[in-house]
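Here's the structure we're looking at; comments come further down.
Every number in this text was worked out from the coordinates using simple rules, so none of it is lab data. Everything numeric in this text was worked out from a predicted model, so none of it was measured. Reconstructed Cβ throughout: ideal geometry from the backbone, glycine too, with neighbour counts over all protein chains shown.
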Amino acid sequence: MKNYRIAAIPGDGIGKEVIAAGTEVLSCLAQRDGGFEITFDHFDWGSDYYKQHGIMMPADGRSQIENHDAIYFGAVGAPDVPDHVTLWGLRLAICQPFDQYANVRPTRILPGIQGPLRNVKEGDLDWVIVRENSEGEYAGQGGRSHVGLPEEVATEVSIFTRAGVTRIMRFAFELAQSRPRKKLTVVTKSNAQRNGMVMWDEIAAEVAREYPDVEWDKMLVDAMTMRMTLKPQSIDTIVATNLHADILSDLAAALAGSLGIAPTANLNPERKFPSMFEPIHGSAFDITGQGIANPVATFWSAVMMLEHLGEQHAADRLMRAIERVTANPDLHSPDLGGKATTREVTDAVLEAIKGDNS
Ligand code: NAD
Ligand code: MN
């Protein structure tokens, strides 16, 4: 029997709460399926680790997880540690060296959930956002001079490479091609950003020729926010830069009902390194410790992890369980306007898995 070894990194805040729920659900699912086993190795890396050791993860941290089948990640961020330290010290310290360049973010209105848009219901909003995850605006390039002085100058340099843009574009076209509507929107800001973004547009047109059956169009990122809110039905697959897609995907999550349901996969498509699965949201210290974090995003991320591992049957079973639970407003957590706790939502998903006989 297959035994998957998963590195669980809960991180900070509600990351710990939702990963605890997620590992419980995955273990139950493996038992119910009977065709595979899952072993979790837990890593206590994050802001508490940082306060003790001055680093977010041990120096040999990456080699401790590089042979795992996948990484199941919570969130990082603490009120008393700068965000750029937590982000670069842990999440990006994993994503970048493991070359997880394709960040995939599905968004759908799940059954029973009411998004904020009038007259937009289940089926009207069914998108996948592909975020370039290795370069662009988050390449970490730039610097500051004359810090704190009136003449201070800071630069934040975006890096776009032909190889990097071509591979994410191919990935996005492939993904669009695999979806029923076969539509792709390439998002840039090539009017104001006249170097990297113009190259994006050119490469999009080149790669598009390899996928004649994919219907594609281009959109500036500011106009895209309007289209997402006013004509959600017109969108299918989206590809955008690291920064643009980061912003668009929080908007997408809100339009689908809550950040608390939005999942993501950081993929190394070549499978040379492990891929990482996580909720889009952060550590949410405003609700940490209250037991009300919505675990659905973390469960949906587990669906993506199972698909990546090739366990489609279990992935489908988990997605059915999630949808059965969201369909019941009594099982909505406060971010969805309900009263259910993390424990109650998790128990309901566990019940739905156990009772699913297909
Ligand atoms: P956040 O995602 O943590 O929270 C935004 C809002 O959404 C908060 O009101 C929060 O309570 C709510 N929310 C988020 N997830 C929820 C869930 N599962 N259930 C219910 N409500 C939920 O973003 P923020 O407040 O901007 O950032 C808090 C910290 O998280 C910061 O330190 C930030 O840097 C970090 N962060 C980390 C990641 C990551 O690890 N991938 C992503 C975003 C933010
Ligand atoms: Mn984000």
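Points worth noting:
- Derived from the Cα gyration tensor, the three semi-axes of the equivalent ellipsoid of the range 164-243 are 18, 17, 9 Å, largest first.
- Beta bridges by DSSP in the chain, antiparallel share as percent, to the nearest 5: 45 percent
- Rounded to the nearest 20 debye, the dipole size of the range 279-358 about its Cα centre is 80 debye, using +1 on the Cβ of Lys and Arg and -1 on the Cβ of Asp and Glu.
- Computed Kirkwood radius, in angstrom, where 1/r is averaged over Cα pairs of the range 117-263: 16.3 Å
- C-alpha center-to-center spacing [the range 14-38, the range 73-108] in angstrom: 22 Å
- Percentage relative contact order, the chain, counting C-alpha pairs under 8 Å, at least six apart: 22 percent
- Taking label points 7 Å from Cα along the Cα-to-Cβ direction, D83 and D213 give a separation of 4.2 nm.
- Fully extended contour minus Cα-Cα distance, from N119 to N67, at 0.36 nm per residue: 14.0 nm
- Expressed in Å, the radius of gyration and Dmax of the Cα atoms of the range 35-179 are 19.6, 64.
- Percentage, to the nearest whole number, of Cα pairs in the range 193-295 over 16 Å apart: 69 percent
- Cα convex hull of the chain - mean projected area over all directions, nm²: 19.0 nm²
- Overall, the chain carries a charge dipole of about 700 debye about its Cα centre when +1 sits on the Cβ of Lys and Arg and -1 on the Cβ of Asp and Glu, all other atoms neutral.
- Charge dipole (the range 1-101, unit charges on Cβ, about Cα centre) - positive-most of Q52, P97, G35: G35
- Between the range 299-346 and the range 245-293, the Cα center-to-center distance that results, in Å: 14 Å
- Charge-dipole axis of the chain as Lys and Arg at +1 and Asp and Glu at -1 on Cβ define it, positive-most pick from I71, G13, A253: A253
- Working from Cα pairs under 8 Å separated by at least six residues, relative contact order for the range 120-185 is 25 percent.
- Rule-of-thumb Rg ratio for the range 264-327 [Cα; 2.2 N^0.38 Å; N residues]: 1.27
- E37 versus D347: modelled label distance in nm, points set 7 Å from Cα along the beta carbon direction: 3.0 nm
- DSSP-loop trypsin sites (Lys or Arg not before Pro) across the range 125-183, with at most 15 other Cβ within 10 angstrom: R181
- Cα pair distances exceeding 15 angstrom across the range 306-347, given as percent: 47 percent
- Note on the chain: dipole from Cβ charges, positive end direction compared against A297, F273, S234; the farthest Cα belongs to S234.
- Rough spin-label spacing in nm, given labels placed 7 Å along Cα→Cβ, for D356 and R5: 2.8 nm
- Here r is the Cβ-Cβ distance between L149 and K272 and R0 is 56 Å; the resulting FRET efficiency, rounded to 0.05, is 0.80.
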